[in-house]
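A short worksheet on the structure shown next.
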């Protein structure tokens, strides 16, 4: 299984207000939903997400529980961004120096909710890194002014995905927001985007990244059809959507 990465613009204060405060007072889901003009359908999804979150055990990994639920809930309130296969967490695995742009959960959330944590993507259906607002701006500035960082990011977010990542950073910077990474909040169907799966509000997801994914998947099919005499089902089995490295296609 590959990784469907999303980037969620949000601040530390909003994480507290929209999630941790609501864990203490679940009735706030309705109040906040009305305050932010969220459609009742998504207010109900918000309530269900909080209901699941309240069942979290202390032994469970933070990224697989609270971190992931925060990303889902952010998408009820505001725009978020999708990129297939390329996560800042994976860049840190290759070069730990990029950790300097991130902020550990233990530094700003209630201690009782920290649980076991990695502060990056651990597997599918988890949260990843959190880049606070000041570091979002710093990363953008370094991209513009530091040739090594610009080359590294362009290489890592290959096949035009850097444009989506930069849009997520710019949107966050312009609105003084941090950026929370997650995986499998949204799972696009590249051949029918209207039938994509989303645990949050699909309509709040910027479509650019999903459109890139669709074009890459279609290009794979064109190449397979051009090179092999296969049935449609055989073609489908050969199309790969796994974690992407810079030297690979989607």
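Taken as a whole, segment 136-158 holds at least one residue that is under 18 Å from the mean Cα position of the chain (by Cα), at pLDDT below 95, under 24 Å from residue 186 (Cβ atoms) and surrounded by 14 or more Cβ atoms within 10 Å (Cβ to Cβ). Within segment 58-87, the set of residues being touching a helix residue (DSSP H, G or I) at 6+ places or on another chain (Cβ under 7 Å), more than 28 Å from residue 40 (Cβ to Cβ) and surrounded by 24 or more Cβ atoms within 10 Å (Cβ to Cβ) comprises 83, 84, 86.
Buried (at least 21 other Cβ atoms within 10 Å of the Cβ) and within 19 Å of the chain's Cα centre (by Cα) - does that describe any residue in segment 107-117? Scanning segment 107-117, I find no residue that is buried (at least 21 other Cβ atoms within 10 Å of the Cβ) and within 19 Å of the chain's Cα centre (by Cα), so the answer is no.
Confirm whether residue 129 is in a helix (DSSP H, G or I) and touching a strand residue (DSSP E or B) at 6+ places or on another chain (Cβ under 9 Å). Criteria not met by residue 129.
Contact map, segment 107-126: residues that are in contact (Cβ under 8 Å) with a residue 24 or more places away in the chain and on the phi < 0 side of the Ramachandran plot paired with residues that are surrounded by fewer than 19 Cβ atoms within 10 Å (Cβ to Cβ) and in a loop (DSSP other than H, G, I, E, B), Cβ distance under 8 Å, separation 6+ or inter-chain. Pairs shown: 116/59; 116/60; 117/104; 124/1. Residues in segment 175-189 that are outside any strand (DSSP E or B) and in contact (Cβ under 8 Å) with a residue 12 or more places away in the chain: 175, 176, 177, 184, 185, 188. Among the residues of segment 167-189, the ones that are buried (at least 18 other Cβ atoms within 10 Å of the Cβ) and more than 14 Å from the chain's Cα centre (by Cα) come to 3 in all. Selection of helices (runs of 4 or more DSSP H) fully inside segment 1-96 by the criterion of at least 2 residues being free of Cβ contacts under 8 Å to residues at least 12 places away in the same chain returns 21-24, 28-35, 40-53.
To keep it simple, each residue is scored yes or no on (1) under 20 Å from residue 127 (Cα atoms); (2) assigned to a strand (DSSP E or B); (3) at pLDDT 75 or above; (4) in contact with a helix residue (DSSP H, G or I) (Cβ under 8 Å, 6 or more places away or on another chain).
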residue: 166; (1), (2), (3), (4): yes, no, yes, yes
residue: 173; (1), (2), (3), (4): no, no, yes, yes
residue: 221; (1), (2), (3), (4): no, no, no, yes
residue: 224; (1), (2), (3), (4): no, no, no, yes
residue: 248; (1), (2), (3), (4): no, no, no, no
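For segment 190-218, a residue qualifies if it is surrounded by 15 or more Cβ atoms within 10 Å (Cβ to Cβ), closer than 16 Å to residue 159 by Cα, out of contact with any helix residue (DSSP H, G or I) (no Cβ under 8 Å at 6 or more places or on another chain) and free of Cβ contacts under 8 Å to residues at least 40 places away in the same chain, and exactly one does: 217.
The values are calculated or read from the model by the stated rules, or taken from the named source; none is laboratory data. This one's a predicted model, so the numbers in the text were calculated from it and none came from an experiment. Note: ideal-geometry Cβ built from the backbone for every residue, glycine included; neighbour counts use all protein chains shown.
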